[in-house]
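Novice: Below is one structure. I have some questions about it.
What follows is calculated from the coordinates using simple rules that are stated; it is not laboratory data. Everything quoted here is computed from the prediction, not taken from an experiment. Here Cβ is always computed from backbone atoms with ideal geometry, including for glycine, and neighbour counts include all displayed protein chains.
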Amino acid sequence: MKKSLLAAMIAAVVAAPAANASVTIYGKIHASIDMIDYSHSRDTIDDIDAWYVVSRASRIGFKGTEDLGNGMSLIWKAETGYDITDGDAWGGGRNAYIGLAGDWGTFLYGNHDTPLKISTGKLDLFGDQLGDYNWSAGPEGALLGPGFHDVRAENAIAYISPNMNGLTFAAAIVPGEGLDYDVHGGGPDYTGPHTQNGLADSYSVAAMYSNNGLHLSAGYENLMAGTYYDTLFSKISPSLSSLELILREHDDDMQVWRVGAGYTMNAFTVNFVYENQQFDDVGIWRRNYSVINPRSEYEADAWQVSAAYDFGNNRIKLAYGENDADVVTESGPISGKSQHWTLGLDHKLSKRTMAYAQYAHAESDADYEADGRDYSMDEETSGFSIGLVHSF
């Protein structure tokens, strides 16, 4: 009797907060079994021919709202990723924010996708899968995807307008929070430390229109130097990944603009995305940190066209894309071009569970001049993936 009474008291305490708040627990478990075959023209790099078990953006989240009256609500979300394949139970990096919403739109701040990323999210038919149009979907060293680069910005302050007959606007600013970095790493062209302490050191804007199966979007993003893209240069431009270049430092922002279009009619869907990326002043180094040129200009154009056909509980889908990049340096030009295609089949096992299989292929050729000589390198990747996705 005492045990039953104690259990009832505990249940009442746990249930009381839930009764006074609207909280939703949700998530997704997504993992695939992949076979990757990767070859490279450089003798110093090992080829890859291996099987992988990959957790693909598996996540768990909590979200809720509270009615504040007068048509206004408080909104919040706390979402985290986790890897179900290697024992890492929790990981950050997903959307987490607090904000206000009303007839005037939504205001939020925290960790959130930029408007540029949001603008074409629905146009990626292979999102979070091996054929994702973000190259990072493949294992390290594997060239897959045309190289669109979506950013989930830390410290973002964002506004999303209400839907106005299918038209939506979004804008976000990101303060640098006093970030200090040394341009060009103290080399011969060292220009001193730079501090980013403004309210809008990075910003992103987008406009989206969706109506009667048609989706159109346009976005622009200016990302502060020293963040987001201070990483392996090959992860910025898959067409140049065979050269093993590093974006060491840059004292100018990275500018990205993107347009997208998609149309669904009955069982058919066709999508197109184009993106231009540009650095006006960037230090490019080799992976062994030898200098190629501390002040270079980089520009890349990436595009992808994709299509899908639905029949019964199935969807067959295909995507093809290219990435064309050029770097202008004092010692000579660097250029590269890559092509990518993916074929896949999705099968819905239920409303919340899907199985899929897909095959992806990518190849690139890169050329550069150094010491009066011309050099050329290439790489090629093929991948087969089967996966299960369950949403809850």
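Novice: Excluding Asn155 itself, what net charge comes from residues whose Cβ is under 12 Å from its Cβ, given Lys and Arg +1 and Asp and Glu -1?
Specialist: -2
Novice: If you don't mind, another one. Using the beta-carbon distance between Trp257 and Leu68 and R0 = 56 Å, what value does 1/(1 + (r/R0)^6) give for FRET efficiency, to the nearest 0.05?
Specialist: The value I calculate is 0.90.
Novice: Further, regarding this structure: Around Asn111, with a cut-off of 12 angstrom between Cβ atoms, what is the net charge of the other residues, counting Lys and Arg +1 and Asp and Glu -1?
Specialist: Local charge sum for Asn111: 0.
Novice: Please tell me the relative contact order of segment 313-392 in percent, rounded to the nearest whole number, where contacts are Cα pairs under 8 Å and at least six residues apart.
Specialist: With pairs under 8 Å counted, the relative contact order is 27 percent.
Novice: Arrange Met265, Met254 by Cβ neighbour counts within 10 Å, fewest through most, would you?
Specialist: Result, fewest neighbours first: Met265, Met254.
Novice: Given an 8 Å cut-off on Cα distances and at least 6 residues of separation, report the relative contact order of segment 316-357 as a percent.
Specialist: Here the relative contact order equals 37 percent.
Novice: Sort Trp76, Trp51 so the one with the fewest other Cβ atoms within 10 Å of its own Cβ comes first.
Specialist: Final ranking by Cβ density, sparse to dense: Trp51, Trp76.
Novice: Okay, next question. Can you figure out the FRET efficiency of Tyr109 with Met265, using R₀ = 45 Å and their beta-carbon distance, to the nearest 0.05?
Specialist: Taking R0 as 45 Å, the efficiency between Tyr109 and Met265 is 0.70.
Novice: Can you tally the net charge around Thr120? Count Lys and Arg as +1, Asp and Glu as -1, for every other residue whose Cβ sits under 10 Å from the Cβ of Thr120.
Specialist: Overall, the nearby charge balance is 0.
Novice: Can you give the FRET efficiency for His347 and Asn163, using 1/(1 + (r/R0)^6), R0 = 25 Å, r = Cβ-Cβ distance, to the nearest 0.05?
Specialist: 0.20
Novice: Residue by residue, what Karplus-based ³J(HN,Hα) values in Hz, rounded to whole numbers, does segment 143-160 have, using 6.51, -1.76 and 1.60 with θ = phi - 60° and x for Gly and Pro?
Specialist: Working through the residues one at a time gives 8, 9, x, x, x, 5, 10, 8, 10, 9, 7, 6, 6, 6, 10, 10, 9, 10 Hz.
Novice: Which ordering of Leu349, Leu108, Leu240 is given by a fewest-first count of other beta-carbon atoms within 10 Å?
Specialist: Result, fewest neighbours first: Leu349, Leu108, Leu240.
Novice: For segment 53-123, count all C-alpha to C-alpha pairs, find those more than 20 Å apart, and express that count as a whole percent of the total.
Specialist: Distances greater than 20 Å cover 46 percent of the Cα pairs.
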